[in-house]
Amino acid sequence: MKIAVMGYGTIGSGVVDVLRINKEKIAQRAGEPVEVKYILDLRDFPGDPMEDAIVHDYQIIVNDPEIGIVVETMGGVEPAYTFVKAMLEAGKQVATSNKNLVAAKGAELIRIAREHNVNFQFEASVGGGIPIIRPLNKCLTADEIEEITGILNGTTNYMLTKMAKEGADFDEVLKDAQAKGYAEKDPTADIEGHDPCRKIAILTSLVCGQQVDFEDIYCEGITKISATDFKYAQIMNRSIKLLASSRKTQGSYSCMVAPFMLSSEHPLCGVNDVFNGIFVHGNVLGDAMFYGSGAGKLPTASAVVADVVDMTKHKNTNIYIDWKPEKLTLVDYKDSVNSFFVRTSSDRAKVESVFGNVAYIDAGIDGEIGFTTDAMPEAQFEDKAAKITLINRIRLG
Ligand code: HSE
């Protein structure tokens, strides 16, 4: 099997590394050796062992009948979409790690692959090296999936874990995450929740079989979480995690990305550092948990190469993926019911006149009150919160 890799950055070079490190095992499992014939990149890589494989024009790959599989690790929607579409239309199979591409164009690329009797696979686009796409497509197919809740972003989980352990503030841990290479120079997609938002949109599309637009999902990042919030969390024996969740309700799904204060019993409470965890509840399965390396060069490349192996075993066979282009209308997040931890500078009389009886949390912070509410619809909470002077609020899980 001769393959091409489009994008020789962190993940693309990881794919080349994985194919070299586990060459024999991969050949044994795929049924034949897998060799990289081309690497598409804008740059040259003088002195790199793969220097001779570098090409700058994607048409060279499109027009080479020897290429059976193309790996896309460029990131972003364009030009990845144009290149991937051309590869599928030329009868080549495609594996991608690109969540932006999958979230925006997944349904269409799956259809094009089916029309050309090839495959478009994207295991690495969610959860890095953790298998979750194939389990949803192939293993949990007897179930109605009623809930998926995940810690789907390694960078923010690293930052929140560090804030919890060291009492550090947001800006400080962001600088540390950038210095360690976890957070990008522009960290917006991670810290504002855009990255896990695309990932939960992809997972929800797979379980409902329709297009879920990430733009429709309520999304809050971690930029408002402070060291003071963690002081309260410690008193409450809870951890603060950025969750991406999807729940079946009212004949559709209710999706949300937001920080939650998790009790120590919550299955995702102990998922720390750069790890990801994905909790799945099926109506006949009950609960399942997927845990592991959710980001990084080799873990992500491991999932891409697993797709390459799968597609090498399925030449001329389209593996059906149920993801139709018809858009699913999500349930309004304002209908979803949550209880909240609240910090306010209003006094107790005011708090009780608005929220009734609440449970106060004393973390010894001057000039403010902390309390938790009963469960109520988001819309109701927003109305009440507008009547007090709010410092912060975090949902409880
Ligand atoms: N920025 C992402 C993360 C990379 O930190 O999880 C993996 O998608």
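Computed from the coordinates by the stated procedures, all read-outs in this text should not be read as laboratory data. As the structure is a computational prediction, the values presented were derived from the model and not from experiment. Glycine gets a Cβ as well: all are built from the backbone with ideal geometry, and neighbour counts include every protein chain shown.
Key figures
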read-out: All positions within segment 163-176 that are touching a Phe, Trp or Tyr at 6+ places or on another chain (Cβ under 7 Å) and surrounded by fewer than 15 Cβ atoms within 10 Å (Cβ to Cβ); value: GLY167
read-out: Residue match in segment 325-340 (condition: part of a strand (DSSP E or B), within 20 Å of ARG393 (Cβ to Cβ) and either within 16 Å of the ligand (Cβ to nearest atom) or polar (S, T, N, Q) (or both)); value: yes
read-out: Selected residue (only one of LEU40, LEU109 is over 28 Å from ASN137 (Cα atoms), without any contact (Cβ under 8 Å) to a residue 60 or more places away in the chain and either within 16 Å of the ligand (Cβ to nearest atom) or surrounded by 21 or more Cβ atoms within 10 Å (Cβ to Cβ) (or both)); value: LEU40
read-out: Qualifying residues in segment 131-162 (those that are part of a helix (DSSP H, G or I) and more than 16 Å from the ligand (Cβ to nearest atom)) - the one surrounded by the most Cβ atoms within 10 Å (Cβ to Cβ); value: LEU136
read-out: Scope segment 112-125; condition surrounded by 24 or more Cβ atoms within 10 Å (Cβ to Cβ) and farther than 17 Å from LYS138 by Cβ; matching residues; value: VAL118
read-out: Number of the condition not met by ILE222 [criteria: (1) within 16 Å of the ligand (Cβ to nearest atom); (2) under 17 Å from ARG393 (Cβ atoms); (3) not in a loop (DSSP other than H, G, I, E, B)]; value: (3)
read-out: Qualifying residue in segment 264-274 (condition: of a type outside the set (D, E, K, R), part of a strand (DSSP E or B) and within 16 Å of the ligand (Cβ to nearest atom)); value: no
read-out: Condition check for ALA227: of a type in the set (Gly, Ala, Ser), on the phi < 0 side of the Ramachandran plot and without any contact (Cβ under 8 Å) to a residue 40 or more places away in the chain; value: no
read-out: Residue check, ALA189 over 17 Å from SER205 (Cα atoms), under 15 Å from the mean Cα position of the chain (by Cα), without any contact (Cβ under 8 Å) to a residue 12 or more places away in the chain and within 12 Å of the ligand (Cβ to nearest atom); value: yes
